[in-house]
1. With each pseudo-label sitting 7 Å past Cα toward Cβ, what's the Asp471-Asp337 distance in nm, one decimal?
2. Which of the pairs Lys192/Lys243; Lys85/Lys357; Lys128/Lys357; Lys296/Lys428 have their Cα atoms more than 18 Å apart in this structure?
3. So what J values fall out for the range 430-435 if you push phi through Karplus, 6.51 cos²θ - 1.76 cosθ + 1.60 with θ = phi - 60°, rounded to Hz, Gly and Pro as x?
4. If you take every residue apart from Thr487 with its C-beta less than 12 Å away from the C-beta of Thr487, what net charge results, scoring Lys and Arg +1 and Asp and Glu -1?
5. Taking the Cβ of Cys504 as the center, what net charge do the other residues with Cβ under 12 Å away carry, scoring Lys and Arg +1 and Asp and Glu -1?
6. Just order 459-467, 198-206, 478-486 by mean Cβ neighbour count inside 10 Å, highest at the front, would you?
7. List every residue whose amide H lies under 5 Å from the amide H of Val165, counting only residues 5 or more places away in sequence or on a different chain, with H placed 1.01 Å from N in the peptide plane.
8. Which whole-number percentage describes the relative contact order of the chain, with Cα contacts under 8 Å and a sequence gap of 6 or more?
Amino acid sequence: MELMQLTYYLITLSLTLFLLSWLPRKSQKPLPPGPPGWPVIGNLLMMGQLTHRGLAHLSAQYGGIIYLKMGFRHTIAICSPEMAKQVLQIQDNIFSDRPTTIAITYLTYNRVDMAFGDYGPFWRQMRKLSVMKLFSRKRAESWNPVREEVDSMVKTTAANSGSRVNIGNQVFGLTHDIIYRAAFGSVSLEGKQEFIGILQEYTKLFSAFNLADFIPWLGFVDPSGLNTRLPAARSSLDRFIDKIIDEHLTREKKTGDDNMDSDMVDEMLAFFSDDQEVEHDEDLHGSIKLTRNNIKAIIMDIMFGGTETVASAIEWAMAELMHTPDAMKRVQQELEDIVGLDRRVEESDFEKLTYFKCVIKETLRLHPPIPVALHQSSAATRIGDYHIPKGTRVMINFYAINRDKGAWKDPNVFDPSRFLQKGSPDFKGSNYEFLPFGSGRRSCPGMQLGLYTMEMAVAHLLHCFTWELPDEMKPSEIDMSDVFGLTAPKASRLVAVPTPRLSCPIN
Ligand code: HEM
């Protein structure tokens, strides 16, 4: 009886609060336009439509900024370059927090990482550590695995000449190997499959719908079994990475610029403190202290940030070129003219490969590997004439922005030569119509490493082999649809038949 009464009061209270929140306040600007919602649940029933494509569709009706009420949470979707500039540059200081969910908070040990943490002093220290140490161009150990693993992929492909090669599977394997080696060191590749299993469960848990995230008092409704899956997933990760950390501690490796064998775990252990309650206040005196949980959560950031993003970009580049034979012909001709068919392509060739660079950019424009990034406002503010409440979730739709009709001619057509024009946009974050890596404080810290991997892999696949579609398939028959998640990979893997193109030996 008591439980029923409590539930009744809670429902009445929620309804009253909800209805009050809809009453117009004289001093307050209106919320941005958006589809009407239901009492209490708001637009929750539209959840399935809130993908990169669904939001782009809504934007055709409501404009570059759309308001949605997800249960008790205010949400806006940003779908135009002008609105992206507002959020990522003009009011970057207000929109640099990340929204969280029960799953994210639990799996990141209470957000002690970089990707899911709020903007603040600790996040700044993490960011410094990543940019200056882990992903830095100066850190050869993060970059060498790229060359070595691309080399091994080329050899495997050559061994399968004349047969069907699943390019998708191959490049997803490639980026897992690269990041795994960069993070844990080359010796530990044997645990890779177990680790990929843990990553896959994390991906599912991050994207599983949890009613309690939107209507907190409904936490007992748990159709996805999160209450048992979350602790199970995190303890698998604990078992896996704790062992690796212990091995690294036992080896007592030295770290620093002169140590050419250190991996990312070694690099972070240089800042390790056994104290579980490391204080993350503003006054860190320039020193970063990391706990085991910090190290584990940052490793997961790197795994999520650096594997699927890069692999899907490589697969999309190959798919778009096979789908557009003129572009394929032109990029391979450029490789033949600049590099020649008597040697492999090298990093020093890249700056002369003008059209190739345009292919990379056009792929990232049409298929930004993170199609929608999530931010959150740390204070109430205004965008144009609209009121944005404190704590609003912000879905920045890079997919819609990169295909904005006002900014791009034929926005849905794969046309690398658009980037040959003088003054064409670059992806460094100041052209708000082209944001594959985001812009501002939360933009991608792994951009250089990601681009390098993508360029190395695509250039080698194009220069070393001629590619044919299997079973006399026509280019127009390639399935170019995608799936929506943390990334937006091709819905079905790209399969093609390679033939060697070079006169020099590949093995
Ligand atoms: C083609 C490759 C890549 C693309 C297109 C890409 C794109 C992005 C985007 C769009 C964001 C979110 C920006 C925002 O929230 O506004 C992001 C964040 C992030 N990326 Fe990347 N990324 C790539 C590769 C990488 C690599 C290789 C790594 C690491 C090894 C990495 C690590 C991260 C991390 C840790 C964040 C979170 C940063 C933060 O919250 O402060 N990314 N990336």
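1. Taking the simple label geometry, Asp471 and Asp337 are separated by 3.7 nm.
2. From the list (Lys192/Lys243; Lys85/Lys357; Lys128/Lys357; Lys296/Lys428), the Cα-Cα distance tops 18 Å for Lys85/Lys357; Lys128/Lys357; Lys296/Lys428.
3. Each residue's phi maps through the Karplus curve to give 9, 10, 6, 8, 9, 10 Hz.
4. It works out to a net charge of -2.
5. Local charge sum for Cys504: +2.
6. Peptide ranking by packing, descending: 459-467, 198-206, 478-486.
7. Ala496, Val497
8. 23
Read the figures in this text as sums done on the coordinates, not as results from a lab. Worth saying up front: this structure is predicted, and the values here are computed from it rather than measured. All Cβ positions, even for glycine, are placed from backbone atoms using ideal geometry, and neighbour counts span all protein chains on display.
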